[in-house]
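Step one of this worksheet: look at the structure below.
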Amino acid sequence: MSQDPSLHPMVSTQAGSWLTNFLFPRPAERRVSAIFRWWESRRLPYNLIVGVSGGITIVTLTVLSALPPSPFPFAVPLGAIVVYGAFANVCYTLGSLLEIAFHKLWGSQVLPVGPTLFRAGLTLSVGLTLVVPVIFAVVVWVLRVIEVLI
């Protein structure tokens, strides 16, 4: 039993803001080449978002490391940034491969998963790049303050 994905309530057919269309896009056609193109058309914005998140993290960690009570030098090696970016892009590529695998395994029995995989991957990438290191740095700074006060 084949179902038209555009009839599903979670698949938008209306135009919206750029952000809405970016985060909740129409899924790719059910062809391997179309799925691959769909993912590649979003790679640059993904890299920009993750890159800006990394920049914010580096600035935040630099500021936190300079705060009293005991400032310490902070620097991220360029090699680590390059490796992290490469790893993020390998993981991004896994999104298209997963969607293609789902398409090959279940065909029209499964709704298109690209938009959901994209949002989940973007959220995880920003979380790992921005949220986790900043929370860790704040906790370390608070512990430094407590150590001085005790």
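The values are calculated or read from the model by the stated rules, or taken from the named source; none is laboratory data. What you see is a predicted model, and the numbers here were worked out from it, not measured in a lab. Reconstructed Cβ throughout: ideal geometry from the backbone, glycine too, with neighbour counts over all protein chains shown. Keep in mind that these areas ignore ligands, DNA and RNA; they rest on the heavy atoms of the full protein, side chains included. Shrake-Rupley method; radii C 1.70, N 1.55, O 1.52, S 1.80 Å.
A compact table of results
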item	result
Residues within region 16-32 that are open to solvent by 70 Å² or more (accessible area, probe 1.4 Å), of a type in the set (A, V, I, L, M, F, W, C) and part of a loop (DSSP other than H, G, I, E, B), tallied	1
Complete set of residues in region 49-81 that are surrounded by 13 or more Cβ atoms within 10 Å (Cβ to Cβ), touching a Leu at 6+ places or on another chain (Cβ under 9 Å) and touching a residue at least 24 places away in the same chain (Cβ under 8 Å)	Ile49, Val50, Ser53, Gly54, Ile56, Thr57, Thr60
Those residues of region 95-112 which are crowded, with 18+ Cβ neighbours inside 10 Å and of a type in the set (D, E, K, R), in sequence order	Glu99
Cβ pairs under 8 Å, 6+ apart, first in region 9-34 and under 19 Å from Leu97 (Cα atoms) and of a type in the set (Val, Ile, Thr), second surrounded by 14 or more Cβ atoms within 10 Å (Cβ to Cβ) and at pLDDT 70 or above	Val32/Ile100; Val32/His103
Subset of region 39-48 that is in contact (Cβ under 8 Å) with a residue 60 or more places away in the chain and assigned to a helix (DSSP H, G or I) - its residue that is farthest from the chain's Cα centre (by Cα)	Trp39
Test for Gly95: is it in contact with a Leu (Cβ under 7 Å, 6 or more places away or on another chain), within 23 Å of Thr20 (Cα to Cα) and either touching a residue at least 24 places away in the same chain (Cβ under 8 Å) or not hydrophobic (A, V, I, L, M, F, W, C) (or both)	yes
Sole residue being of a type in the set (Val, Ile, Thr), touching a residue at least 24 places away in the same chain (Cβ under 8 Å) and assigned to a helix (DSSP H, G or I), chosen from Val138, Val132	Val138
Residue list for region 130-150, restricted to those being open to solvent by 40 Å² or more (accessible area, probe 1.4 Å), closer than 19 Å to Ile58 by Cβ and among the β-branched types (Val, Ile, Thr)	Val131, Val132, Ile135, Val138, Val139, Val140
Candidate set: region 33-48, residues that are open to solvent by less than 60 Å² (accessible area, probe 1.4 Å) and not polar (S, T, N, Q); chosen: the one nearest to Ile81 (Cα to Cα)	Tyr46
Members of region 113-129 that are surrounded by fewer than 14 Cβ atoms within 10 Å (Cβ to Cβ) and either not in a helix (DSSP H, G or I) or not small (Gly, Ala, Ser) (or both)	Thr123, Leu124
Index of the failed condition, Val83 passing every other in (1) over 30 Å from Val138 (Cα atoms); (2) part of a helix (DSSP H, G or I)	(1)
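Yes or no, residue by residue, for (1) modelled with pLDDT under 90; (2) of a type in the set (A, V, I, L, M); (3) touching a strand residue (DSSP E or B) at 6+ places or on another chain (Cβ under 6 Å):
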{"site": "Arg42", "(1), (2), (3)": "no, no, no"}
{"site": "Pro45", "(1), (2), (3)": "no, no, no"}
{"site": "Val52", "(1), (2), (3)": "no, yes, no"}
{"site": "Pro68", "(1), (2), (3)": "yes, no, no"}
{"site": "Val76", "(1), (2), (3)": "yes, yes, no"}
{"site": "Phe87", "(1), (2), (3)": "no, no, no"}
{"site": "Ser96", "(1), (2), (3)": "no, no, no"}
{"site": "Leu111", "(1), (2), (3)": "yes, yes, no"}
{"site": "Ser125", "(1), (2), (3)": "no, no, no"}
